[in-house]
Structures are given as structure tokens and as C-alpha cells.
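The values are calculated or read from the model by the stated rules, or taken from the named source; none is laboratory data. None of these values were measured; they are calculated from a predicted model. We place every Cβ from the backbone using ideal geometry, glycine too, and count neighbours over all the protein chains shown.
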Amino acid sequence: MILSVFGDMFDEVKNQVVYIHALRNLLLFKPKLAKHYGPRRTTVSEIVLHGTESKGTSEASANFLQDGARIHYFIGRDRPVAYQIVPEEFQAFHAGNPNGWSTVQDHNPRSVGIEMYQQDISIFKNDKSKLDFTDWQYQTVSMLCYVICLRWNIPRINIIGHGQINPKDRSPDEPRNFDWERFSGNLDLLTNTLGNQLGPEYAMP
């Protein structure tokens, strides 16, 4: 999976050891490719983060997402669960407007979707405080977003939560209880480390 997740830019990295160490979790992604997915008709300019809030297991959630080509990447709660489901150059069906709301746009054509496994709030008797994400998930989603942003020249401000773009069908703060400040700190560390060691072209846009 190293080339499909890291992309063609990997061959051009001046110090591949430094690059791989900083992004080591990406080596653990496995292919779980959907059978059918849509063509892209515009340039990727956005990353949408999701929390599954699933009643089933992590593997059952990944299978569900695979069946409908509903996401590009899936990150389980525990190391090393991580799948690529739809290649980035194709469209997945994760951030559309299925109910035709006049105030909701279809973000599928321009976005890459990343789903993080999270148990449904009903399992915790609707106690939102118990919804969380693991160290593995924070590390991996940060590394993945760094690589995607670099590959497609996506500015950090265009990494958004699903609830921000479709508060009609989703919780407005989905992925719920995601620590955006912690995530941003991880991105700062990656862009500073790789930008300083490999050159300014490895700093995030």
C-alpha cells in the first residue's frame, strides 16, 4: 500500500527514511477496495472527516462502507486497522445531499472522505461525553491528511467535519467529540518536522 497511500511523490522524496518514519502508520493501510465507484469530474480540494457512530463492529462498519463505495479511507479504533476503500482519483459517496436539502451542497465530487470508527451514542445511553477517538486514530488521520493535502495542494482550512457541511442529516459537530486542536497540533508537528528536514515543499499548504 505504500505507493497507493503515499502516492507518486514518494519516489521524489530526498530522504525516504525520514519521510517513512514521520508517516509510519500509513504503511499499515490495507486495500479493501469497493467494486464500483464514480469518476471524478473536478479537482480534489477538500477532505471530509467522519465518525461512524456504529452499532456493529469495526470490521462490519468497514464492510458496509466498502459495499457502497461510501468512503476513501477507514481507520479503526485499534492499531493496525486501516483500509483504503476507494482510490482518491475516484469519487466516493460520503458527503452528498441524499435528501435534497436546499441549503446542503454535494461535496462528493471535490472531496476525499476519511471515516473513523466510533461506537454509536446509544451504546453509551446517549452520553455524548463517552464518544471518543484513540491515539492511533489521531495519529493516523493526521498523517493521512498531511499526505493528501500535499498531494492535492489542499489548504488546511479545507479539512472539515461532515456535520459542518450537512447539519441537516448529521450531527452538526460530526465527528462528535473529535479534538480538532489536538489534530491541528499533530499537523503542525508533521509539517514543521518534514518541512525543516526535507525542504519547504514538504510544508503543508
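In the stretch 126-147, the residues that are of a type in the set (Gly, Ala, Ser) form Cβ pairs under 7 Å with partners that are assigned to a helix (DSSP H, G or I), at six or more places apart or across chains, as follows: Ser142/Phe183; Ser142/Asn186; Ser142/Leu187; Ser142/Leu190. Of all residues in the stretch 68-90, those being surrounded by 19 or more Cβ atoms within 10 Å (Cβ to Cβ), more than 21 Å from Glu53 (Cβ to Cβ) and of a type outside the set (Asp, Glu) number 1. Take the residues of the stretch 103-125 that are assigned to a helix (DSSP H, G or I) and in contact (Cβ under 8 Å) with a residue 40 or more places away in the chain: which is nearest to Trp180 (Cα to Cα)? Once the filter is applied, the top-ranked residue is Ile121. Of everything in the stretch 64-102 that is part of a loop (DSSP other than H, G, I, E, B) and of a type in the set (Val, Ile, Thr), the residue that is nearest to Gln137 (Cα to Cα) is Val81. Condition check for Pro155 on (1) over 19 Å from Glu88 (Cβ atoms); (2) loosely packed, with under 13 Cβ neighbours inside 10 Å: one failure, at (1). Within the stretch 24-47, the set of residues being loosely packed, with under 12 Cβ neighbours inside 10 Å and either over 18 Å from the mean Cα position of the chain (by Cα) or within 13 Å of Glu115 (Cα to Cα) (or both) comprises Lys35, His36, Pro39, Arg41, Thr42. Of all residues in the stretch 158-170, exactly one satisfies the criterion of being touching a helix residue (DSSP H, G or I) at 6+ places or on another chain (Cβ under 6 Å) and either touching a residue at least 40 places away in the same chain (Cβ under 8 Å) or surrounded by fewer than 16 Cβ atoms within 10 Å (Cβ to Cβ) (or both), namely Ile159. Restricting the stretch 108-144 to residues that are of a type in the set (Phe, Trp, Tyr) and at pLDDT 95 or above, the residue that is surrounded by the most Cβ atoms within 10 Å (Cβ to Cβ) is Tyr117. Looking only at the stretch 173-205, count how many residues are part of a loop (DSSP other than H, G, I, E, B) and closer than 22 Å to Arg77 by Cα. Selection size over the stretch 173-205: 7.
Among His21, His50, which is of a type outside the set (Ser, Thr, Tyr) and under 13 Å from the mean Cα position of the chain (by Cα)?
On the way: His21 fails: under 13 Å from the mean Cα position of the chain (by Cα).
Just a single option satisfies the conditions, and that option is His50.
When you look at Glu174, is it without any contact (Cβ under 8 Å) to a residue 40 or more places away in the chain and either loosely packed, with under 13 Cβ neighbours inside 10 Å or not hydrophobic (A, V, I, L, M, F, W, C) (or both), yes or no? For Glu174, the condition - without any contact (Cβ under 8 Å) to a residue 40 or more places away in the chain and either loosely packed, with under 13 Cβ neighbours inside 10 Å or not hydrophobic (A, V, I, L, M, F, W, C) (or both) - is not met.
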